[in-house]
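S.K.: Structure below; questions to follow.
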Amino acid sequence: MMRFIVQLIGSDMNQLQAMRVFTRVVELGSFNMAAKQLGMSAAAVTRSIGMLEAHLNMRLLNRNTRSLSLTEVGRDYLQGCRAIIERLDELESNLLQTTREVSGMLRVAAPMTFVASGMAELLAGYQAAHPRVEFDITAFDTRIDMVEGGFDVCFSDDRRLPSSTLVSRRLTVIDEIIVASPTYLAQRGTPQDPPSLNGHRLLAITDGAARTWEFADASGVYRVCTGGGMNATSCLMVREAALNHMGIALLPGSLVAKDIQNGKLTRLLDTFEVNGGPRHISILYSGRTNLSRKVRTFIDYTVAQYRAPERGMALRAAA
């Protein structure tokens, strides 16, 4: 393998670049998305694939106006390309590790629930160890596409499994809890069970689709429609509405922990499991090629921080 890599570098750097382009096109399933991520034109991407196929004298991709698929030869060639690229990237990374300080822009996406629940502390700790790293943070309340967005890493609180093209490592859990202000409860009464929520104004985080809250205990499952109060895509907006006595909200426990401690919000129905249980906070990143040092060190630092016993205890207490 090493001899082949050296021969490849010495003979034709364009072929190596074309192999990288081919791998990215397959991973994204799109010439245009690959061009966008690689900083190339769509025509240049098409030429690169054409060069590879002409060099090998065989078709690697079946393509039409709607879809792409690998030929049988293309599947075999893809595995070889990945092995070569990952080995070369690893060699370069090892060479640079002893001579270059970790630096550059790290593009991170995270749900607002995580941003508001200790993310700044995590970033500050990493930057103290690697002061030449800068951050470009995108906070979101509705679902985003990490690959299309070109992020280095993404934090997720989604209960659903992420894309199969991404590596997912769980960090911690966050409970969702029912809260309301003491003023609202004094005016409208305190619900004792899920059915009694139907007489209240409910404040829901939603992506625009119809939504219900689901509760469970030993007696069974209860579903409550959230219409009639307020729907918002922002969890911070819902929290502010609850603090201003507008109704009863379902929010991440870590987001309102301080509000509960200082008496601004009251936790309700805490004997019921809500919406299937806690949400898992995970870190997602691409596993198809070797990661840059800034990405790898950030992932390793994050995982180590959340697996430290004292941090895990603090997060569970906040939730």
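To keep it simple, each residue is scored yes or no on (1) among the aromatic types (Phe, Trp, Tyr); (2) free of Cβ contacts under 8 Å to residues at least 12 places away in the same chain; (3) in a helix (DSSP H, G or I).
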site	(1), (2), (3)
Ala35	no, yes, yes
Ala43	no, yes, yes
Thr46	no, no, yes
Gly50	no, yes, yes
Glu53	no, yes, yes
Leu78	no, no, yes
Arg87	no, no, yes
Val108	no, no, no
Gly118	no, no, yes
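S.K.: Taking Ala304 as meeting all but one of (1) at pLDDT below 90; (2) surrounded by fewer than 17 Cβ atoms within 10 Å (Cβ to Cβ); (3) in the same structural domain as Pro111 (by TED's automatic domain parsing), write down the number of the exception.
M.R.: (1)
S.K.: To continue, here is another question. With the checklist (1) within 30 Å of the chain's Cα centre (by Cα); (2) not in a helix (DSSP H, G or I) in hand, flag the one item Arg59 doesn't pass.
M.R.: (1)
S.K.: Restricted to the stretch 185-243, and to residues that are among the β-branched types (Val, Ile, Thr) and part of a loop (DSSP other than H, G, I, E, B), which residue is surrounded by the most Cβ atoms within 10 Å (Cβ to Cβ)?
M.R.: The qualifying residue surrounded by the most Cβ atoms within 10 Å (Cβ to Cβ) is Thr226.
S.K.: Another question about this same structure. Take Ile144 and tell me if it is at pLDDT 90 or above and within 24 Å of Met237 (Cβ to Cβ).
M.R.: Answer is no for this residue.
S.K.: Read through the list (1) crowded, with 18+ Cβ neighbours inside 10 Å; (2) out of contact with any Pro (no Cβ under 9 Å at 6 or more places or on another chain); (3) at pLDDT below 90, then give the number of the only condition that Thr113 fails.
M.R.: Unmet for Thr113, out of (1) crowded, with 18+ Cβ neighbours inside 10 Å; (2) out of contact with any Pro (no Cβ under 9 Å at 6 or more places or on another chain); (3) at pLDDT below 90: (2).
S.K.: Tell me whether the stretch 192-208 contains one or more residues that are in contact (Cβ under 8 Å) with a residue 40 or more places away in the chain and in contact with an Asp or Glu (Cβ under 6 Å, 6 or more places away or on another chain).
M.R.: Taking every residue of the stretch 192-208 in turn, none turns out to be in contact (Cβ under 8 Å) with a residue 40 or more places away in the chain and in contact with an Asp or Glu (Cβ under 6 Å, 6 or more places away or on another chain).
S.K.: Among the residues of the stretch 251-267, which ones are touching a helix residue (DSSP H, G or I) at 6+ places or on another chain (Cβ under 8 Å) and either in a loop (DSSP other than H, G, I, E, B) or of a type in the set (A, V, I, L, M) (or both)?
M.R.: Scanning the stretch 251-267 gives Leu251, Leu255, Val256, Ala257, Gly263, Lys264, Leu265.
S.K.: Considering only residues of the stretch 253-278 that are surrounded by 22 or more Cβ atoms within 10 Å (Cβ to Cβ) and in contact with an Asp or Glu (Cβ under 6 Å, 6 or more places away or on another chain), which is modelled with the lowest pLDDT?
M.R.: Checked the stretch 253-278; the qualifying residue modelled with the lowest pLDDT is Gly253.
S.K.: Only one of these conditions is not met by Arg296: (1) assigned to a strand (DSSP E or B); (2) within 30 Å of Val25 (Cβ to Cβ); (3) of a type outside the set (A, V, I, L, M, F, W, C). Which number is it?
M.R.: Arg296 satisfies all of (1) assigned to a strand (DSSP E or B); (2) within 30 Å of Val25 (Cβ to Cβ); (3) of a type outside the set (A, V, I, L, M, F, W, C) except (1).
Residues checked against (1) farther than 30 Å from Phe31 by Cβ; (2) at pLDDT 90 or above:
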position: Asp152; (1), (2): no, yes
position: Leu185; (1), (2): yes, yes
position: Leu197; (1), (2): yes, yes
position: Ile205; (1), (2): yes, no
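The values are calculated or read from the model by the stated rules, or taken from the named source; none is laboratory data. Since this is a predicted model, take the numbers as computed values, not measurements. Here Cβ is always computed from backbone atoms with ideal geometry, including for glycine, and neighbour counts include all displayed protein chains.
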